[in-house]
Amino acid sequence: ARGALVAMTRERGDDDLEANSLRNRVATMLQELGHYDEAEVMFRQSLAIDEKVLGENHPSVATALNNLAELLRAQNKLDEAEPMLRRALAIRKNALGENHPSVAESLGNLANLLKAQNKLDEAEPIYRRALTIFENALGEDHPNAATSRGNLGELLDAKARQLDEAGASDPAALARIY
């Protein structure tokens, strides 16, 4: 795949969007293989090309931001990933509208990051918003809605464990979580 990317870039130029799409796929494969440093370089190149060719507020830029941020999250570079996820969310909201499934995807990614940062109270309403969008746009039985529901459930369980560990076994306190 790398050879095909080199050949396509040589033939079409560095800013070719088709070659950039291939670059993104190669970066994804590298990430899946655990070659994070090399994947990061390619994701950053892909983002820069999308911004240059399509403009900084294009939905494809949001996708590139999400991809890079998810790689950074996998490397536990949470503080670096967060502004990228917030920017991707803003781009998608502006370009696609508040209730688009891609907005819900960005919301879910941001909530996952916040959960990883142990910002559970901040993550909860974001998970709930993502779930609402998925259910309304795609239906309650859609796999994305099910995943979102599961993410919210895991967060609520984590919040309950925190309360329990803190000695707050008061049923009223636990009821506020759910």
Considering only the range 135-158, I want to know if a residue exists there that is open to solvent by 20 Å² or more (accessible area, probe 1.4 Å), modelled with pLDDT of 95 or more, under 26 Å from L47 (Cβ atoms) and in a loop (DSSP other than H, G, I, E, B). no
With the condition kept exactly as written, say whether any residue in the range 1-17 is of a type in the set (A, V, I, L, M, F, W, C) and without any contact (Cβ under 8 Å) to a residue 12 or more places away in the chain. yes
Sort out which residues of the range 137-158 are of a type outside the set (A, V, I, L, M) and closer than 13 Å to L107 by Cβ, and write them in order of number. N144, T147, S148, N151
Please work out if E82 is surrounded by 13 or more Cβ atoms within 10 Å (Cβ to Cβ) and either in a helix (DSSP H, G or I) or in contact (Cβ under 8 Å) with a residue 60 or more places away in the chain (or both). yes
Where T28 falls short, out of the listed (1) within 23 Å of L113 (Cβ to Cβ); (2) β-branched (V, I, T); (3) open to solvent by 60 Å² or more (accessible area, probe 1.4 Å): (3)
Cβ contacts < 6 Å: first residue within 12 Å of E98 (Cα to Cα), restricted to the range 131-146; second residue of a type in the set (G, A, S) and part of a helix (DSSP H, G or I), any location; separation 6+ or different chain. Result? I133/A104; F134/A104; F134/A145; F134/S148
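The values are calculated or read from the model by the stated rules, or taken from the named source; none is laboratory data. All figures in this text were calculated on a predicted structure; none of them were measured in a lab. With ideal geometry, Cβ positions are generated from the backbone for all residues, glycine too; neighbour counts draw on all protein chains shown. Only protein heavy atoms, including side chains, enter the accessible area calculation; ligands, DNA and RNA are left aside. Shrake-Rupley method; radii C 1.70, N 1.55, O 1.52, S 1.80 Å.
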